[in-house]
1. Just the Kirkwood number for region 1-64, please: inverse of mean 1/r across all distinct Cα pairs, in Å, one decimal.
2. Report the label-to-label distance for Thr82 and Leu40 in nanometres (one decimal), using points 7 Å from each Cα along the Cα→Cβ vector.
3. How big is the shadow of the Cα convex hull of region 26-100, averaged over all directions, in nm²?
4. Under the Karplus relation 6.51 cos²θ - 1.76 cosθ + 1.60, θ = phi - 60°, what is the ordered set of whole-Hz ³J(HN,Hα) values for region 46-59, x standing for Gly and Pro?
5. So how do 68-75, 46-53, 92-99 stack up, highest first, on mean other-Cβ count within 10 Å?
6. Evaluate the relative contact order of the chain (contact order divided by residue number), counting alpha-carbon pairs under 8 angstrom at least 6 apart; express in whole percent.
7. Mean residue ellipticity at 222 nm from the helices of the chain, using -39,500 (n - 2.57) per DSSP H segment of n ≥ 4 over the full residue count, to the nearest 500 deg cm²/dmol?
8. With a Förster radius of 30 Å, plug the Cβ-Cβ distance of Ala12 and Lys99 into 1/(1 + (r/R0)^6) and report the FRET value to the nearest 0.05.
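Each reported figure results from applying straightforward, stated rules to the coordinates on display, with no laboratory input. Bear in mind the structure is a predicted one, so any value in this text is a computation, not a measurement. Please note: Cβ atoms are built from the backbone with ideal geometry, for glycine as well, and neighbour counts cover all protein chains shown.
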Amino acid sequence: MSPEMVILGLNAAVAALAYFFVYPKFCGANGWRIAANDLLATATVVIVSGVLYAGTGVAFNFLFFSTNWFWFALLSYLVIETPLMLWYFNKHDVWRSLKF
């Protein structure tokens, strides 16, 4: 399996676990709890990707450019997470709990 597919699979698994199990069970509609837990989910993706690919010199292809493991993991997680976040925020009306 290609390194890109490994990281994409990891990203999809972490995002699905977060938005379909962890956030509904532990965060509900509290946007600040979601943000704190999302930092942990993102850190998990970056740490596992780093353990697998840091120092290997593997170049990752991200659409129109090549990058290292860190930026590939972070940017691809952002792309996978954004639609799930918008769906979850609208379904649970999280926007109301975010007061700046």
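1. 13.1 Å
2. 2.6 nm
3. It is 6.1 nm².
4. Computed from phi, the couplings for region 46-59 are 5, 5, 5, 4, x, 4, 6, 10, 5, x, 8, x, 6, 8 Hz.
5. Going by the mean number of other Cβ atoms within 10 Å, highest first, we get 68-75, 46-53, 92-99.
6. 38 percent
7. Helices in the chain give a 222 nm mean residue ellipticity of -21000 deg cm²/dmol.
8. Calculated transfer efficiency: 0.40.
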